[in-house]
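First, the structure itself, so that you have it in front of you.
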Amino acid sequence: MSVNSLSTSNPKEQEQKFLNDHETQVLYELRGILNAIESINRTILDAIQLTSSGGRLYEAQQRSNTGLDDFKKLISK
């Protein structure tokens, strides 16, 4: 028996091996997509936290400026 006759002797086994290899490849690709989605999600959450922090800092600065303006008015009277 030659090597070729051994490798082509059972088409069902070859088909099953092909399907298993294909399923494995699809699973790797899906895992990659999931990792990319998780990374995007973390980036969005980081951006939301930074925006929220920036908004709080801006509000605090505005309150501080208002208080400073009121203090300047009191001094100038």
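Based on Cβ point charges of +1 for Lys and Arg and -1 for Asp and Glu, what charge dipole magnitude is obtained for region 14-76 about its Cα centre, in debye rounded to the nearest 20?
Roughly 540 debye for region 14-76.
Using a cut-off of 11 Å between beta-carbons, work out the net charge of the residues near residue 24 (Lys and Arg +1, Asp and Glu -1, residue 24 not included).
Charge balance in the 11 Å sphere: -1.
Take residue 65 and residue 28, extend 7 Å from each Cα along the Cα→Cβ direction, and tell me the distance between the two endpoints in nm.
With each label placed 7 Å out from Cα toward Cβ, I get 5.6 nm.
Counting Lys and Arg as +1 and Asp and Glu as -1, what is the net charge of the other residues whose Cβ lies under 12 Å from the Cβ of residue 35?
With Lys, Arg at +1 and Asp, Glu at -1, the neighbours total 0.
Go ahead and run the numbers for FRET between residue 21 and residue 41, Cβ-Cβ distance against an R0 of 30 Å, rounding to 0.05.
0.45
Note down, for region 14-76, the three equivalent ellipsoid semi-axes (square root of 5 times each alpha carbon gyration tensor eigenvalue), biggest first, whole angstrom.
60, 4, 4
Taken together, the values in this text are just the output of simple stated rules run on the coordinates, not laboratory data. Since this is a predicted model, take the numbers as computed values, not measurements. Note that we place each Cβ from the backbone using ideal geometry, even for glycine, and neighbour counts take in every protein chain shown.
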